[in-house]
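Only one structure is covered here, and it is reproduced in the block below.
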Amino acid sequence: MYPEIMVMPMREELTSLGVQELRTPADVDRELGQQQGTTMVVVNSICGCAAGRMRPAVRAALQHEARPNRVFTVFAGQDMEATERARSYFTGYRPSSPSIALFRDGQLVHMLQRSDIEHRDSADIANELTRVFDEHCAAV
């Protein structure tokens, strides 16, 4: 684990947007156990390149008109038990940091893993997220 002082700016990059941190397995189960509507879970990471592209992409995408009802984050390598519990909801996907999962009514409908993030710029990642938001989060 890294010292909290090192990861604080990375946490704040998401929490300053209103993204709620889930720091314990109980937090994760409380918020993801009975999902209604759309929920995005961001697995934050200290990884420089991929996470450094992912966080600005999330910021840009959350400015879009269609967006998830609720947005949460866990921090890989810091809040390890919460991250492990969140990943247990990402059925069919291996652990990946950073990553972004989108659920609709409790069903995983889209997943971006590190391999989908690390070689793209933030604008491209944000474009994919807004496309997915339009598909799954827009009012019907």
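Here are a few things to note about the model shown:
- Relative exposure of 97, 45, judged by other C-beta atoms within 10 Å (fewest first): 97, 45
- As a rough footprinting exposure proxy, the listed residues 125, 46, 5 were ranked by other beta carbons within 10 Å of their own, and the order from fewest upward is 5, 46, 125.
- Across segment 83-96, rounded Karplus estimates of 3J(HN,Hα) from the backbone phi angles (6.51 cos²θ - 1.76 cosθ + 1.60, θ = phi - 60°) give 5, 4, 5, 4, 4, 5, 8, 8, 3, x, 10, 6, x, 8 Hz, Gly and Pro being marked x.
- Gain in span if fully extended, residue 118 to residue 64, counting 0.36 nm per residue against the direct Cα distance: 17.2 nm
- FRET efficiency for the residue 2 to residue 134 pair, using the beta carbon distance and R₀ = 35 Å, is estimated at 0.45.
- Of the beta bridges in the chain, as assigned by DSSP with both residues counted there, near 60 percent are antiparallel.
- When 49, 137 are arranged by Cβ crowding within 10 Å, least crowded first, meaning fewest neighbours, the order is 49, 137.
- Compactness of segment 4-135 was expressed as the Cα radius of gyration divided by 2.2 N^0.38 Å, which yields 0.94.
We did not get these values from a lab; they are worked out from the coordinates using the rules stated. The structure presented is a predicted model; accordingly, all values stated were derived computationally and were not measured. Neighbour counts run over all protein chains shown; Cβ positions are idealised from the backbone, glycine included.
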